[in-house]
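First up is the structure itself, then whatever we jot down about it.
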Amino acid sequence: MINYSKDSDNIVTLTLDNPNRSANLINIAFGEKFREVLAQLQADTDIRGIIITSAKDTFMAGADIDELFAESDAQSFFDRGQELKAGFRYLETQGKPVVAAMNGTALGGGFELCLAAHRRIAIDNPKTQIGLPEVTLGLLPGGGGVVRMVRLIGLQPSLPFLTEGKKVSPKEALSNGLIHELATDKDDLLAKAKAYILENKTAKQPWDQDGYKMPGGTPLTPKVAQMLPIAPAMLAKKTYNNYPAPLAIMAVAIEGAVVDFETATRIESRYFAKLATGNVAKNMINVFWKQLNGLNAGGSRPKIEQKYSFKKVGVIGAGMMGSGIAYACAMSGLEVVLKDVSQEGADKGKAYSENLLKKRVSKGKSTKEKADEILNRIKATADANDLAGCDLIIEAVFENRELKAKVTAEAEAVMDATGVFASNTSTLPITGLAEKSSRPKQFVGLHFFSPADKMPLVEIIIGKETSDETLARAFDFVKQIKKTPIVVNDSRGFYTSRVFATYVLEGIALLEEGNHPRAIEAAGLKAGMPVGPLALTDEVSLSLFAHIRTQTNLDLAAEGKAIPQHAAYRVVDKMLEMGREGKAKGAGFYEYPKESGAKKFLWPGLAEQFPNTIDLTEQEMIERMLFIQCIETVRCFDENVLMSVPDANIGSIFGWGFAPFKGGTLQYINDYGVAKFVARAKELHAKYGERFAVPASLEQRAAEGKEY
Amino acid sequence: MREAYIYDAVRTPRGRGKKSGTLNEVRPIDLLAQLFRAISERNGYFDTTKVDDVVIGCVTPIGEQGGDIAKFAHMYAGWDQVVSGMQINRFCSSGLEAVNLAAMKIRSGWEEMIVAGGVESMSRNPMGSDGGAWYMDPMVNNQLGFIPQGVSADLIATIEGFTREIVDEYALRSHRLAAHARKNGYFNKSIIPVRDMNGLLILDNDETIREDANMASLAKLSPSFEMMGEMAFDAVAQLKYTKVEKINHVHTPGNSSGIVDGAALTLIGSKEMGAQLGLKPRARIVSAAVTSADSTIMLTGPSFSAEKALKLAGMSPKDIDIYEMNEAFASAVLKFQRELNIDDDKLNVNGGAIAMGHPLGATGAMLVGTVLDELERTNKTTGLITLCVGGGMGVATIIERV
């Protein structure tokens, strides 16, 4: 785990080499070994210096999150943190020079170990990542990272690294003062490490030297002090106070900056224990670590050994969605045929990629050559024959059954006989569309989110006839374009569109009841949703909602089922009557002033049309908007639309931005407490109607004390 | 019930609170010491051994204003060593709080004669330089939803519909009334000109009153709190005030209180001690109250504290002849006026801090003198003094001429 070797110059090299994992991690086993190594170092009296490096491609990935997730006792977090940090502290205070020879990525606890070294040298590989991303899992760098970063580069410069988890390349790390030196390769790295030790008989950290002054000043320095009042406000503006970690980090940084190193270390451990035992970290680790890793590793993929890889993808329909899909495919090295009804339309779709690539070049993220290469992978055409040889075709044409049937036939005529045909629809059931296919087993739904080049999720929809092999292929394709797949069964609105709609409809219902529109929007944002329900409705357009409802009602009538009533539709109808269709029309719940730079604002006419006659508490509004999504998700689970908890949680966050700190729609129920959730849902049911009715399966869970 | 009487009230003129301000050269302890000497002189050099305590409000009690300036200011002025002293801080109302505390000391029967007042040399000790957990500690700041007072003032204006024009008109009124009062000598009774060690005059009137103020020049000033508001504080305010879609930043240096240097003292005592020292009571302190409202909107405390003081006094708003509400920000005064339904001709009748400035720790005590002088000049009886205070607090005092 940690190899100890001493050379002829009496330089000890500690090589991190986790035998069980592909990366080095800080966990209990590491802690034990680290303690032994420290004892050995202490006993070894003729040491000239110490080099810490790794036998892996990376230096160290950080803490063992699984182990951390399993622990829930504050005292134990505090004690373990303190013990690890005592070891780090020993390294930096024992007197002999210590060099972190960073052969690769050093993140979290890995970089914190480096920070305890007197010199940090990294191989200049642009792919290497250096940083402290703990905040992204609701934690703080509890291995001395906050205390040392503040002392190393100062309060203000360290905050982006600490509160945003900003990761940098070795070059950027050097220019930001995080490391001291770059090396060309491993030999150069070790040679430089050695040279530093041979040149320096002893070493002390800057903060342990007499006359040390914190770069930029301490919180008591007037220049720093005057920034303190606004810093938490800026955080509140960004997070709506839903994320405790960045605030805790700020507190550790500031509180720790006016006390001595050891005291600061204790403060850091206390806040760490608080975060690590809190719900938000548990929710975020659960979804962004455990469940996401599981999904990406194929959790929802059929157990088919063969992995599929695609070469040539056809995209039919070069609108916003098709263009985004084409870009995502080309970026991942796939050949793309982008087909539209006219050459002009297809060219326009390709221009979308061209613009995005130009931006990447101007931002220095890519080179002109690479960008050209990627763009050349896209063939824009109006000729269906160009789709020949595609092993996957995705149609992204308008949501119209006849049109979709037409392009399906057109594509199947020329594509690979074994290829997959995918429909990117957000509303039309896949099974029905597949009926028009000559190869329904090879027909699948791939629901992308707009803008498809950015959004990380693809919802794979299994039609009645879709084969396991087709599903496995679809899954592998989504992975190939570096997106996260969730798998759902066919149903109206599938999972994401169906549950997403409940959020906005609930928001609109609140308006119908007489709540203040701005208070509704504020509640939506504070609930953790990325956009308020009314603004979101404007984005999607009210006419689309009306359209979906009409289609749904027709379908339900045809099936002989009852048509559900929702107060929201009274508002939607009234708005449409007044020609307020949404953002695209420049008028919806908001006004969209045409002057450049002018911000949208709530339509003043709302006060007249939907007067503010009641003020529900904010908590009531928040819970209604979140509960309705969670209950609908449970229904999807019961109806087998959803088959796994990770699909539900990841889909909700990546698909429509459900409150990430709650860990997803099902994790929210765990977070709330299943029994408490049921009791509260019953109250909402009694007050607001059937849509809040508690599914039997959920009641049973509550009775059994089972979480999702 | 034992009563507390006001025997005297004095103040320095207010100097512009900048390096270029006339009082910038004067140490805050000297501002106070000159007032102590003036009180002695105006009251027949009474026996200062009969004074129990000195209570001095100061909001930035650090450096030369730190270390209990109350005790050392009176000793520096030559008062007897038996007189005690303490400095207090209730932000902008510190000077009035000192008066109220003095009244409570007297009414308790445990003390007989108190000097209460305040001092703030803002040109030498910048506002906020003493720090504070409320805004500098991230956990506290975040939990309490801290925003600067100026943003709070703009929030009030937004909610109440006070437009830029309305607050500017109020500011213009302050300058006009203050200029008129100065010209006609209404302030002369209280003002003690500040002099140097040779007796040479440094400043004898309030330096920031603009006789030439007009709407056009006020309209030219840029909003003071727009940038910081848009950066972050508006969003914090909106976390609580969720119906506010956009905060209208109407406050400028022209319609907010000025930053100035100044000090004020009052002499407060029992009837018996006053008689023993041969002093003539000018007014009775009828009631005093402190309370607090929401700390984010912050400046709405005065109406609540005024209502509390009125209730204690068994009075209604109509029973007050003159109101003095500190002009911290135009919207705060207008909000107070709206809450208590006060006629224009009863409120801040000689202008206020928008024209003359707000030396934080001293203002409350200054306003006691201002109201008392005006009641005497116009032969009226009752006055109510109130200030909005950081953290949402409000302090109010009712006085009655005797």
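The values are calculated or read from the model by the stated rules, or taken from the named source; none is laboratory data. Note that the coordinates shown come from a computational prediction; the quantities given were computed from them, not determined experimentally. FYI the Cβ positions are ideal-geometry reconstructions off the backbone, even for glycines, and counts take in every protein chain you see.
Please specify each residue of the stretch A:163-180 satisfying the condition of being under 21 Å from A:T58 (Cβ atoms) and assigned to a helix (DSSP H, G or I).
Correct list: A:P170, A:K171, A:E172, A:A173, A:L174.
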* To do: Could you tell me which residue of the stretch A:236-267 is surrounded by the fewest Cβ atoms within 10 Å (Cβ to Cβ), considering only residues that are of a type in the set (D, E) and more than 14 Å from chain B (Cβ to nearest Cβ)?
  => A:D260
* **Qualifying residues in the stretch A:488-502 (those that are of a type in the set (S, T, N, Q) and either within 14 Å of chain B (Cβ to nearest Cβ) or not in a helix (DSSP H, G or I) (or both)) - the one farthest from the chain's Cα centre (by Cα)** => A:S491
* Could you grab me the full set of residues in the stretch A:455-473 that are surrounded by fewer than 20 Cβ atoms within 10 Å (Cβ to Cβ), touching a residue at least 40 places away in the same chain (Cβ under 8 Å) and either part of a loop (DSSP other than H, G, I, E, B) or polar (S, T, N, Q) (or both)? => A:M455, A:P456
* Asked: What is the one condition in (1) within 14 Å of chain A (Cβ to nearest Cβ); (2) of a type in the set (S, T, N, Q); (3) within 23 Å of B:T300 (Cβ to Cβ); (4) surrounded by fewer than 24 Cβ atoms within 10 Å (Cβ to Cβ) that B:T163 does not satisfy?
  -> (1)
* **Selection count where residues are within 9 Å of chain A (Cβ to nearest Cβ) and either crowded, with 22+ Cβ neighbours inside 10 Å or over 25 Å from the mean Cα position of the chain (by Cα) (or both), scope the stretch B:141-160** => 6
* Read through the list (1) closer than 22 Å to B:L299 by Cα; (2) in contact with a helix residue (DSSP H, G or I) (Cβ under 6 Å, 6 or more places away or on another chain); (3) among the hydroxyl-bearing types (S, T, Y); (4) more than 14 Å from chain A (Cβ to nearest Cβ), then give the number of the only condition that B:Y135 fails. => (4)
* Asked: Going by the structure shown, is A:I179 touching a Cys at 6+ places or on another chain (Cβ under 9 Å), buried (at least 20 other Cβ atoms within 10 Å of the Cβ), hydrophobic (A, V, I, L, M, F, W, C) and assigned by TED's automatic domain parsing to the domain that holds A:Y90?
  -> yes
* Check A:F77 against each of (1) touching a residue at least 60 places away in the same chain (Cβ under 8 Å); (2) in contact with a strand residue (DSSP E or B) (Cβ under 9 Å, 6 or more places away or on another chain); (3) of a type outside the set (S, T, Y) and name the one condition it does not meet. => (2)
* Qualifying positions in the stretch B:218-244 - more than 15 Å from B:A157 (Cα to Cα), at the interface with chain A (Cβ under 10 Å from one of its Cβ atoms) and touching a residue at least 24 places away in the same chain (Cβ under 8 Å) -> B:M228, B:F233, B:V236, B:L239, B:K240
* For the stretch A:149-171, indicate whether the set of residues that are surrounded by 24 or more Cβ atoms within 10 Å (Cβ to Cβ), farther than 17 Å from A:E268 by Cβ and within 26 Å of the chain's Cα centre (by Cα) is non-empty. => yes
* B:I247 assigned to a loop (DSSP other than H, G, I, E, B) and within 14 Å of another protein chain (Cβ to nearest Cβ) -> yes
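Just wondering, is there one or more residues in the stretch A:334-341 that are in contact with a Gly (Cβ under 8 Å, 6 or more places away or on another chain) and within 25 Å of A:G655 (Cα to Cα)?
To start, the set of residues in the stretch A:334-341 that are in contact with a Gly (Cβ under 8 Å, 6 or more places away or on another chain) comprises A:336-340.
Right, trim to within 25 Å of A:G655 (Cα to Cα) and you get A:336, A:338.
Within the stretch A:334-341 (the criterion being in contact with a Gly (Cβ under 8 Å, 6 or more places away or on another chain) and within 25 Å of A:G655 (Cα to Cα)), the answer is yes, since at least one residue qualifies.
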* Quick one: count up the residues across the stretch A:503-529 that are more than 14 Å from chain B (Cβ to nearest Cβ), of a type outside the set (V, I, T) and closer than 21 Å to A:E591 by Cβ. => 1
* Asked: Hey, among the residues in the stretch A:41-92 that are surrounded by 14 or more Cβ atoms within 10 Å (Cβ to Cβ) and among the polar types (S, T, N, Q), which one's nearest to A:R119 (Cα to Cα)?
  -> A:T53
* Give the number of residues within the stretch A:653-670 that are over 14 Å from A:N286 (Cα atoms) and assigned to a helix (DSSP H, G or I). => 3
* Mind checking which residues of the stretch B:123-165 are free of Cβ contacts under 8 Å to residues at least 40 places away in the same chain and in a loop (DSSP other than H, G, I, E, B)? -> B:G131, B:G132, B:D137, B:G161
* **Tabulated pairs, the stretch B:366-380, first farther than 20 Å from B:L32 by Cβ, second of a type in the set (D, E) and surrounded by 15 or more Cβ atoms within 10 Å (Cβ to Cβ), C-beta under 7 angstrom, 6+ apart or interchain** => B:V371/B:E324; B:L375/B:D321; B:K380/B:D321
* Out of (1) at pLDDT 95 or above; (2) facing chain B (nearest Cβ under 9 Å); (3) surrounded by fewer than 16 Cβ atoms within 10 Å (Cβ to Cβ), what's the single condition that is false for A:P222? -> (1)
* Does A:V361 qualify as being in contact with a helix residue (DSSP H, G or I) (Cβ under 7 Å, 6 or more places away or on another chain) and in the same structural domain as A:F477 (by TED's automatic domain parsing)? -> yes
* Search result, residues across the stretch A:162-193 that are within 28 Å of A:F261 (Cβ to Cβ) and among the basic types (K, R) -> A:K166, A:K167, A:K192
* Given (1) more than 25 Å from the chain's Cα centre (by Cα); (2) of a type outside the set (V, I, T); (3) surrounded by 13 or more Cβ atoms within 10 Å (Cβ to Cβ), index of the condition B:G199 fails -> (3)
* **Candidates B:A309, B:A328, B:A365, B:A313, filtered to the one that is over 15 Å from the mean Cα position of the chain (by Cα), crowded, with 24+ Cβ neighbours inside 10 Å and modelled with pLDDT of 95 or more** => B:A309
* What tally of residues in the stretch A:575-622 results from selecting those that are in contact with a helix residue (DSSP H, G or I) (Cβ under 8 Å, 6 or more places away or on another chain), outside any loop (DSSP other than H, G, I, E, B) and more than 12 Å from chain B (Cβ to nearest Cβ)? -> 5
* Considering each of A:R301, A:R270 in turn, give the residue that is in contact with a helix residue (DSSP H, G or I) (Cβ under 7 Å, 6 or more places away or on another chain) and not in a helix (DSSP H, G or I). => A:R301
* To do: Give the residue, chosen from A:T552, A:T537, A:T496, that is farther than 26 Å from A:A422 by Cα and hydroxyl-bearing (S, T, Y).
  => A:T537
* Structure fact -> Residue hits (the stretch B:206-231; in a helix (DSSP H, G or I), of a type in the set (A, V, I, L, M) and surrounded by fewer than 21 Cβ atoms within 10 Å (Cβ to Cβ)) are B:M215, B:A216, B:A219, B:M227, B:M228, B:M231
* Structure fact -> Only unsatisfied item for B:L265, checking (1) under 18 Å from the mean Cα position of the chain (by Cα); (2) within 14 Å of chain A (Cβ to nearest Cβ), is (2)
